[in-house]
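Encoded as structure tokens, the structure appears first; notes follow it.
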Amino acid sequence: MAGLEDLYREIILDHYRSPRNRGELAVPPAHKTEGFNPLCGDEVAVYLDVDSVSGLVVDIKISGQGCSISQASTSMMSDAVKGKSVEEARLLIRAFKALMSIHESKLEGESDGTDLAADLEGVRLGDLEALQGVVKFPVRIKCATLAWNTLQQGLDEIGAELPN
């Protein structure tokens, strides 16, 4: 198991040291959403360019500062949703948050995670699974999910702005 943990650690460090999609997009046409974790000071800004006709995340840029977990998760999130449809992005958000919650629930003895397993059904998380070790440190879960919550907020705001 140590080999897998080392691999996961390397994936996280790679995204922290060389974040993907770092930068800003012009607002408008892009939409900017900011997230902040008051417990530790992590900050993230997500710039989304969603095509209103196709519903694709055409481009995404990220900025911010914080711990290695929050910044790596932000990079991994941006990589995972770029080029995906808004629906696929929402599925990834639910699946990632379920992954964090399932492990947290098991650690705290609250449940076996079967109530959240449906959100993971059929969703391939790939490198995002490297972050599942974060649940061993419950205070860090907020660090890992900050970007995902910010993305979800941004998609919700964009949804309200798009014509029906």
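For a protection proxy built on the mean count of beta-carbon atoms within 10 angstrom, sort 76-83, 20-27, 133-140 highest first, please. Let's see the in-between values first.
Working: 76-83: 22.4, 20-27: 13.9, 133-140: 15.9.
Those peptides, ordered most packed to least, come out 76-83, 133-140, 20-27.
With each pseudo-label sitting 7 Å past Cα toward Cβ, what's the residue 156-residue 53 distance in nm, one decimal?
So the label points at residue 156 and residue 53 sit 3.0 nm apart.
Expressed in nm to one decimal, what extension gain is obtained for the pair residue 65 and residue 18 from 0.36 nm per residue of sequence separation less their Cα-Cα distance? Show your work: numbers first, answer last.
On the way: separation 47, 0.36 × 47 = 16.92 nm, distance 1.34 nm.
Result for the pair: 15.6 nm of gain on full extension.
Can you run phi through the Karplus equation (6.51, -1.76, 1.60; θ = phi - 60°) for the range 126-135 and list ³J(HN,Hα) in whole Hz, with x for Gly and Pro?
The phi angles translate into x, 4, 4, 5, 4, 7, 5, x, 4, 5 Hz.
Each value in this text was obtained by applying a stated rule to the coordinates, not by laboratory testing. Not measured: the values here are computed from a predicted model. Cβ atoms come from the backbone with ideal geometry, glycine included; neighbour counts cover every protein chain shown.
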